[in-house]
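In what follows, a structure is listed as structure tokens, so that the remarks can point back to it.
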Amino acid sequence: MSLTTSPGILSPSDIDSVFYDLRPIQPEQLVGKWDGIVLPTRHPFEKELEKFDWFGQTFVSTEDVAPIVVSRNGRPVEYQNWGRTSLHEVKYQGAVSTALIYDDHPVMLYYRAVRPNIVAGIMESKKFDRSGRFYFYLKRK
């Protein structure tokens, strides 16, 4: 994914065009621990994750996901304030792939496979209003 090595701020439309061409991923393929990396677009949620010291995501199973893992004293811990999530197959932008659905928030994350150990993600929320989508990718530990 060439966007991961691009310096500076990225265009959401450039990220979208790459994301929509990526292969779908099955929920079971995400089980495990993943490091999270923001694709910088100046989205306000980038600053939130920076405050949390976002580390990544942990998929215990398809029904039990720690969506925000943060670094505390150099160690990964689950960020409890956002609760838990689960994975489901959902059609998004013309492809059925995996989506993460929050139990208690109007938020969905959509995933597509880049390589066996790299996954691209888009986060959408009614809370974002006009801020648009938040973009990131995950690298398997």
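Checked against (1) of a type outside the set (Ser, Thr, Tyr); (2) within 17 Å of residue 133 (Cβ to Cβ); (3) surrounded by fewer than 16 Cβ atoms within 10 Å (Cβ to Cβ), residue 108 passes all but a single condition, namely (3).
In summary, residue 71 fulfils each of the numbered conditions (1) over 16 Å from residue 138 (Cβ atoms); (2) surrounded by fewer than 15 Cβ atoms within 10 Å (Cβ to Cβ); (3) of a type in the set (S, T, N, Q); (4) in contact with a Phe, Trp or Tyr (Cβ under 7 Å, 6 or more places away or on another chain) with the single exception of condition (1). Can you name the residue in region 103-129 that is among the aromatic types (Phe, Trp, Tyr) and in contact with a Gly (Cβ under 9 Å, 6 or more places away or on another chain) and is also farthest from residue 23 (Cα to Cα) among such residues? If we take residues in region 103-129 being among the aromatic types (Phe, Trp, Tyr) and in contact with a Gly (Cβ under 9 Å, 6 or more places away or on another chain), then 110 is farthest from residue 23 (Cα to Cα). Screening residue 48 with (1) in a helix (DSSP H, G or I); (2) among the charged types (D, E, K, R); (3) buried (at least 20 other Cβ atoms within 10 Å of the Cβ) gives one miss only, at (3). If we keep just the residues of region 83-99 that are part of a strand (DSSP E or B) and in contact (Cβ under 8 Å) with a residue 40 or more places away in the chain, which is farthest from residue 30 (Cα to Cα)? Result: 95.
Criterion applied to 17, 61 was being surrounded by fewer than 17 Cβ atoms within 10 Å (Cβ to Cβ), within 24 Å of residue 126 (Cα to Cα) and hydroxyl-bearing (Ser, Thr, Tyr), and the one residue passing it is 17.
Of everything in region 86-102 that is among the small types (Gly, Ala, Ser) and closer than 19 Å to residue 17 by Cα, the residue that is surrounded by the fewest Cβ atoms within 10 Å (Cβ to Cβ) is 94.
Quick check on region 116-141: of everything there that is touching a residue at least 60 places away in the same chain (Cβ under 8 Å) and among the charged types (D, E, K, R), which residue is surrounded by the fewest Cβ atoms within 10 Å (Cβ to Cβ)? The extreme case among them is 141.
On the basis of being in contact (Cβ under 8 Å) with a residue 60 or more places away in the chain, buried (at least 17 other Cβ atoms within 10 Å of the Cβ) and under 15 Å from the mean Cα position of the chain (by Cα), does residue 41 make the cut? Spelling it out, residue 41 is indeed in contact (Cβ under 8 Å) with a residue 60 or more places away in the chain, buried (at least 17 other Cβ atoms within 10 Å of the Cβ) and under 15 Å from the mean Cα position of the chain (by Cα).
A short reminder: the numbers here are calculations on the coordinates, not readings from a lab. Owing to the predicted nature of the structure, the values given are computational and were not obtained by experimental measurement. All Cβ positions, glycine included, derive from the backbone under ideal geometry; neighbour counts span all protein chains shown.
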